[in-house]
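So the structure is just underneath, and the comments pick up after that.
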Amino acid sequence: MFLLNVLIGHRPDAGPRLLWLGGAALCGAALVRGLHQVATFSRPALELARAAVEGLLVACLLVMGLYAWVFHEAASHAMHTRDLTTISVSSIVLSLLTIVASSERNLRLRLAFLVAIAMGLADIARVYLELTGNTMWPLLVVHGLLATGCFWALGTYRISRPDPEQVAYSRQRIIPGTLIMALIGLNLAALSVFRGMGGLHWALIACIVMLLWAREVIRSRQVALNSRIITREANSDALTGVGNRRALKRYLSGLATGRRTEVTAISLDLNGFKGVNDLLGAATGDELLIAVAHHLCGAVESLPGNVFRLSGNEFLIITTAAEADAAAFANRLPGMVRTAAVTVPGVERVVLGCSVGLEHSIDPDGLTEEALAQAVARSGLAMRAAKADGRNKVLSFDTQLDSRNQRRLAVEARLRDLLDGGGSVQVHYQPVMGMATGRMVGAEALARWTDPELGSVPPFEFIEVAEATGLIETLGGRILQTALTELQEAGFFERGLRVSINVSTLQLRVAGFAGQLLDLLRQMQIDPAQVVIEVTESVFLSPHDVAGQTLADIQRAGVGVAVDDFGTGYSSLGYLHRLPVTSLKIDRLLAATLVDLRTQSIVRGVVEMTKGLGLDLVLEGVESADQETHAQRLGVGYAQGWLYAKAVPVSELITLADQLTFRADQVPMPVGNTAPLA
């Protein structure tokens, strides 16, 4: 730039201007380059050192460029001290106002205006020194070091990448933007004082400032609109339009910031939703979800609160209403959900029920985010308890539920440790008796678990936990292998006996289950006809469920399929004709009331039906001689219960088999089968 100034020295008026313009361009390019470099690295030690060096270069270029411009202009043009002082004071005031008015805590912005303040103070000091006749070189050195330090920090400071959720463009941004434009105009005015600009120049300056200000306003409004759209999409459920988990987190944070003292969380789960999806398709399920969300949003308008969708068929309502009002609202939800019906061709109306749980939290000092999150979790626990207690119920959280949840977590942890360590639960066996002979014809394998820390854990408890946590595939597989291995080693199958093993519907839905079972039977040289898989009626709800196909595959290979707890579930007669069922097991609840004439009529009808379909019939829960007598008279083929024996380890089972069994060729053949069926 010095050489350029010499070459154009014959035009004294153009040289300083080109020098200033070139220096300004160079300084600006260096600043942009430096900030870009600093913005893109991850700040290890080497990169931090490089940023510091680049920042120092940027600072030196800026300070030298500014000084070259200021002192050259000051030497070339006379300027009144009054004008310089007025401009400097105004520059300082505008810079301070901009820093205070800015809603963004941006260190870079503040550093830039601190530089402007420092230079304004230096100009005022310069006026003072000129008036008093003192030298100003020490002041210039101090000022230069200060400006260099500020620019160095400005160039080295890493550009932060704010979370889009936290970027809020509002009208408040126009205030600092306006002040910045005023500051630019003030500096342009200073330039006009140096050069003696006229009215036309002032008009041009005003136009430039106004255009820049208008551009900032338009840009801020457009960005604000885009930001609102992005925020709404990021915080809304795509299907129903209600808030999602991200929105819930922000909402709870806002409640905590506002020091809310009373909040109720209401969790809602749609009962039977999966069946709708499986039977009628996902489109119908989506229509139901949209209808439910619409009804919930309309209903919550009567309360101060919001609706969120947490998962496929689970909604959450957060309200700041009084406890009594929130509880009354929660009790109305089951009826409200039933009104959210959809019409499907071939089906008049699809209506769902719901299970509701709620938790009310109150803190006079204001609820924290942790307390609010706990309220949400507790409402979910209450909802699941309501669902397990019979569905379509409304339950409030209490300490008993909390204890139950702690117990469940403990069971899950111990069960996971057991399975991860390669272990399994124990298997006991309850004999199945032939009613015509009083002889043992097989046994049912039943899981038992005694944990060193938890003690005896009931099967329904750990099986439910295993199904809910995804451990059922591993647990069920180990139970199956343990039972077959123990019975094979004990000579159970050599006696012509059959074993029935309970299998979860979730296991049947695992790809390859049928192949794994049949491979295991081949490896252990066990006749498939001596094995029965017991399932509950829920496995037959969907005709297209992969579980039904799995049962068909294993039944074709000779493995029996028994429906457990028949008479207490769905008891649809359609699946008996459609699916590969070989036997039914009447639930112990009917056995307990078998002396009742109505129960006898029901059992007699089931006996006639199974004979007509060629199915075996087993009565569970026989505990008295009267029950046995009625069962024999009604024509029940097989029975099991405490009257004969409790579930025992395999060693005791073999002892019972030696006492009760007889040769396989003497076993009376049940109707429709080729071997006695447990």
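Each reported figure results from applying straightforward, stated rules to the coordinates on display, with no laboratory input. In this text, all values refer to a predicted model and were calculated from it rather than measured experimentally. Cβ: placed from backbone, ideal geometry, glycine included. Neighbour counts: every protein chain shown.
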- Considering only DSSP beta bridges with both partners in the stretch 425-662, what is the antiparallel share in %, to the nearest 5? 40
- Note on the structure: Residue separation between residue 516 and residue 404 times 0.36 nm, minus their alpha-carbon distance, gives in nm 36.7 nm
- Message: Please give the Cα centre distance for the stretch 481-534 versus the stretch 292-369, rounded to the nearest Å.
- Response: 46
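So how do 276-283, 415-422 stack up, highest first, on mean other-Cβ count within 10 Å?
276-283, 415-422
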- Message: Once you place label points 7 Å from the Cα toward the Cβ at residue 436 and residue 608, how far apart are they in nm?
- Response: 2.1
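I'd like the FRET efficiency for residue 373 and residue 278, computed as 1/(1 + (r/R0)^6) with the beta carbon distance as r and R0 of 30 Å, rounded to 0.05.
Using R0 = 30 Å, I get an efficiency of 0.35.
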- Query: Can you give the alpha-carbon Rg of the stretch 245-397 over 2.2 N^0.38 Å, where N counts its residues?
  - Reply: 1.05
- Task: Give the relative contact order (percent, whole number) for the stretch 425-662; include only Cα pairs under 8 Å separated by 6+ residues.
- Result: 23
- Item | Estimated FRET transfer efficiency when R0 is 41 angstrom, pair residue 388-residue 261 (beta carbons, to 0.05) | 0.80
